[in-house]
Amino acid sequence: MPAPIIITSGEPAGIGPELCVQVAQRPLDTPLVVVGDPDLLRQRAQLLGLPLRVQLVDRKTLPDTGLPPHQPGSLAVVPTALARPSTAGQLDAANAAYVLRTLDIAIEGCQRGDFSAMVTAPVHKGIINEAGIPFSGHTEYLAEQTNTPMVVMMLATEGLRVALVTTHLPLREVADAITPARLETVTRILQRDLEEKFGIARPHILVCGLNPHAGEGGHLGREEIEVIEPCLEKLRQEGLQLTGPLPADSLFTPHHLEGADAVLAMYHDQGLPVLKYRGFGQAVNITLGLPIIRTSVDHGTALDLAGSGQADTGSLLTALRYAQQMSAARGR
């Protein structure tokens, strides 16, 4: 039996806890553990009118005892107590530390090998910061806690993977952030993880230009000539299969995407709108470069839906499927 996947239940007032409850109703062939407050999960199940049998798990003895096969309507839970009872849709800064505790437990367990991968439900960055805890997001927190100098954000859906050279930056700062060193490091991380975590031998990566028409030979910007192309050529000489820089407005077409394993976009809104149009609700956020496997849903806490029973489990199920596939590929 493979090591289980652990899900962090996310912001307690959001849809994360109920997504866990909803997924628990399904037949699953992957051992699954949720880290969260058992009472919160029971309350959310009651609110949704769904059955839930909670099996408490001692994470210290889990490697020796293992988990029984999953039964629909049951959920293995690593218990972690809320500071204060949570109401669906109502944020409470008192529970900010609880959210980070669930992440710490999952990270530690993955590093020890107790869990094969971690899947994260959405958190609310604003309420964590309001509690006086500096927090810029899952990705940065995971990098810090695992002492990883650089990580890469990649979103994936059926038939398309898009990684980013820069993530959450104002547009006016993007060009300066795309340095030869950063582009080289990001490309190497993408290449390595496609091989090691996806089992793709010699992946083919399409690389976007930064400027319209990939700079139009320098008439619309020189980043392609001075930064991107020299970096790609250096890596090609080492055997990496890189095509580009290509104009982003024509790269995302069947002609180019056929036979490609991933797209490397220069900035957030260059690549992700296309991917989310193609697969929103069936897409997954993957953090590359970590020593552990981490996937996440592609949506936020959806406080307006919390407790309504209308939250869509599609992205969480996709994140679980990718975590399972990546764990299997890494174990080969």
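The values are calculated or read from the model by the stated rules, or taken from the named source; none is laboratory data. Everything quoted here is computed from the prediction, not taken from an experiment. As a convention, Cβ positions derive from the backbone with ideal geometry for all residues, glycine included, and neighbour counts pool all protein chains shown. We work out accessible area using only protein heavy atoms, side chains counted, and drop any ligands, DNA or RNA first. Shrake-Rupley method; radii C 1.70, N 1.55, O 1.52, S 1.80 Å.
Laid out as a table, the results:
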item	result
Hits in the stretch 14-27 - residues which are buried (at least 24 other Cβ atoms within 10 Å of the Cβ) and either part of a loop (DSSP other than H, G, I, E, B) or not assigned by the TED database to the domain that holds G309 (or both)	G14, I15
Residue list for the stretch 33-49, restricted to those being touching a strand residue (DSSP E or B) at 6+ places or on another chain (Cβ under 7 Å), closer than 27 Å to G137 by Cβ and either of a type in the set (A, V, I, L, M) or open to solvent by 30 Å² or more (accessible area, probe 1.4 Å) (or both)	V33, V34, V35, L41
Checking T30 against (1) touching a Pro at 6+ places or on another chain (Cβ under 9 Å); (2) in a loop (DSSP other than H, G, I, E, B); (3) open to solvent by less than 10 Å² (accessible area, probe 1.4 Å), the condition it does not meet	(3)
Selection status of E226, of a type in the set (D, E, K, R) and free of Cβ contacts under 8 Å to residues at least 12 places away in the same chain	yes
Helices (runs of 4 or more DSSP H) enclosed by the stretch 126-198 - at least 3 residues per element that are under 20 Å from P291 (Cβ atoms)	138-145, 180-196
Candidates V227, V165, V174, filtered to the one that is closer than 25 Å to A329 by Cα and aliphatic (A, V, I, L, M)	V165
Residue within the stretch 278-294 that is more than 17 Å from the chain's Cα centre (by Cα) and either of a type outside the set (K, R) or outside any strand (DSSP E or B) (or both) present	yes
Scope the stretch 295-313; condition surrounded by fewer than 17 Cβ atoms within 10 Å (Cβ to Cβ) and within 14 Å of the chain's Cα centre (by Cα); matching residues	G300
Pairs, first touching a residue at least 12 places away in the same chain (Cβ under 8 Å) in the stretch 183-204, second open to solvent by 40 Å² or more (accessible area, probe 1.4 Å) and in a helix (DSSP H, G or I), C-beta under 7 Å, six or more apart	E196/R330; K197/R330; P203/E195
Selection from the stretch 182-216 of residues that are of a type outside the set (K, R) and open to solvent by 70 Å² or more (accessible area, probe 1.4 Å)	E195, E196, A201, P212, H213, E216
Some residue of the stretch 59-66 being among the hydroxyl-bearing types (S, T, Y) and over 24 Å from the mean Cα position of the chain (by Cα)	yes
Selection within the stretch 94-104 - within 24 Å of the chain's Cα centre (by Cα) and open to solvent by 20 Å² or more (accessible area, probe 1.4 Å)	A97, R101, D104
Among the candidates Q55, Q90, Q71, residue that is touching a residue at least 60 places away in the same chain (Cβ under 8 Å) and surrounded by fewer than 21 Cβ atoms within 10 Å (Cβ to Cβ)	Q90
Unique match (being of a type outside the set (V, I, T), over 21 Å from I15 (Cα atoms) and open to solvent by 20 Å² or more (accessible area, probe 1.4 Å)) among L169, L164, L160, L142	L169
Among (1) at positive phi; (2) open to solvent by 20 Å² or more (accessible area, probe 1.4 Å); (3) not basic (K, R), the one test that G289 misses	(2)
Cβ pairs under 9 Å, 6+ apart, first in the stretch 241-261 and at positive phi, second of a type outside the set (A, V, I, L, M, F, W, C) and assigned to a strand (DSSP E or B)	G259/H204
